[in-house]
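Note sheet for the following structure.
Bear in mind that the values in this text are calculations on the coordinates, not laboratory data. All values reported here derive from a predicted model rather than from experimental measurement. FYI the Cβ positions are ideal-geometry reconstructions off the backbone, even for glycines, and counts take in every protein chain you see.
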Amino acid sequence: MEFINTIRDFLWDIILIFLLIGTGVFYTIRTKFVQFRYFRKSFKLTFGNIAFFGEKADDEGMTSFQSLMTSIAAQIGTGNLAGVATAMVLGGPGSILWMWISAVLGMAIIYSEATLSQIYRGRRGGQVVGGPVFYIKKAFKGRVGQVMAAMFAVFIILALGFMGNMVQSNSVGNAFEAAFNIPAWLSGLVFGVAGLYVFLGGRQRVAAVTEKVVPTMAVFFSIVSIVVVMINYKAIPEAFKDIFLGAFNPEAVLGGILGVTVRQAMRYGVARGLFTHEAGMGSTPHAHALAKVKHPADQGLVAMMGVFIDTIVLLPMTVLVILTTNSLGAMENGAFLDGIELTQHAYSQTMGAFGYPFIAICVALFAYATCIGWYFFGEANVEYLFGKKAVPMYAVLVAVFMFVGCILKVELVWSLADLFNGFMVIPNVLALLMLHKVIAKHTKEYDQGLPYQPEEDAF
C-alpha cells in the first residue's frame, strides 16, 4: 500500500502537474488562446440546439449535446462534493484559484483532445468508434503505437471501469447509510442494477439517460446551493477575498491553523482541478469522437464548455457554501472535518436536518452519472482490445464492482485508481504534443471558415 502511494504521489505531485500545466500553456499559445477567442461560440454551439427528447444516438454517433452530457456525466462526480472540500483542507481556500487556473488551461487541452478524436476515428461492426487509442497509434506509429494504445486501453478499463466506479459507489453507500440508515449492501444492489440497466442499452441508452440526468442534477444542486449562499450573502465578499489572498498568502487567511503553504495551495488546487475536469486524461474524447458535427473543431469548442461547467460553474457552489457558512476548519472528535463530511456539515449549517439527505441525494446522482460515463469510456476500450462480444461480460462485471464498492473499504482501490489515471495521462498527453501540427492546421482552417479537409492518414 505504501509503495503504491509513493508511486502515485510522485506521479501526481511532480510529473503530471508540470506535464499537464505545461501542455495547457503550450496549447493555449499554439491555438492562439482558443478558449478565449471562441468562448462565445462554444456557448452557442453547446446550448443553441438543446433537445432533451430529440434525435436518438445510433450507429453514426450521437448529437453534439449528447456527447457533451456523456462527457460531463463523467466529469461531475463526487469530487465536486468531496474532492473540493479536501483540496481546501489540504491547500486552503487559495487552492480554488489554482483549480480555476488549471481549468482555463485545461480548456485548451480538452479542445485538442476532442478535435483529434474527431479527426482520427473509425468504424467497427458498422458503428462509428473513436477515442485516444486511435490518435495515440497515429502519433507513435508502428509497433510502438500499437503497444502504447493497448496500454492506455488497459489503464482506462482498470482505472475508470472497475476501480473508479467502486470508489464512486462507496460514497453512495456511506452517504445513504449516514442520512437514511439504509444498509450499504442494499444501496449497492440498487445502484448496481440501475447501472446495469443503462450499460446493457448501449450508446443509445447512455446518451438518452445522460442528456436528461446531467442537466437535471446540475440545476437541482445549483438552485439549492445558490439559495444557501444567498442566505449567507454577507459572507460572500470575504469568501472571494480568502480565495484570492489565500492563493498567495494562505497564513493571512487561515492564521496557520491548518499549516498551509503557497506550495500546498498550488499543488492541491492544480491536482484536484485536473482530476475533476479530466482534461488531458484521455477519458472524455471517447464521447466527443461520436458527435455528429461539420468540423472537428466544433466539437473541440463544445468540449471546452464541459470543463467550464464542471470547474468554473458547479464546483464553486460547494466552495462558497463551505466558506460562507464558515465551515472550513470545523472539527469533530478532535479532528478537522474533511471530504464529504465537511460538505455535509457546511450545508447542514443552513439547511439543518435536511443538509445530510440533500448531499446524500446529490452524491447518488453525481456518482451514478459518473459511473455511466466511466463505463462508456471503458466499453470503447474493451471493444478495441477484445471485440464486441466481450462487452456484455464487461457490463456485468462493472455492475458487480459497483455493488462491491458500496460494502468495502476502498482505500487501496482508490490509490490504484489514482495510479492508473496517472498512467493514462502520459501516453495521451505525449500523443497530443506529437500531433500539435495537426491541431494547429485544423484550427487555422477553422479560423478561416474553410470546410474540413480530412487528414490523408485518417481512418
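Summary table below
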item	result
Listed pairs 41/138; 32/444; 294/444; 32/441; 138/444; 32/437 exceeding 18 Å between Cα atoms	41/138; 138/444
Antiparallel content of DSSP bridges confined to the chain, in %, to 5	90
Dipole in debye (nearest 20) - segment 89-241, about Cα centre, beta carbon charges: Lys, Arg +1; Asp, Glu -1	800
Relative contact order %, the chain, counting alpha carbon pairs below 8 Å whose residues are six or more apart	36
Part-to-part distance (alpha-carbon centres) for segment 91-132 and segment 356-396, which is given in Å	18
Among 201-213, 226-238, the order from most to least packed when residues are scored by Cβ within 10 Å on average	201-213, 226-238
Highest average packing first - 343-350, 330-337, 129-136, Cβ atoms within 10 Å	129-136, 343-350, 330-337
327, 67 arranged by Cβ crowding within 10 Å, fewest neighbours leading	327, 67
Residue-averaged [θ]222 nm for the chain, counting only DSSP H segments that reach four residues, each worth -39500 (n - 2.57)	-23000 deg cm²/dmol
Charged-residue dipole, Cβ positions (Lys, Arg, Asp, Glu), the chain about Cα centre, Debye nearest 20	1260
Neighbour-count ranking [beta-carbon atoms within 10 angstrom, fewest first] of 120, 394	394, 120
Kyte-Doolittle mean at least 0.5, axial Cα span of 27 Å or more - DSSP H helices of the chain	95-119, 202-231, 355-386, 411-434
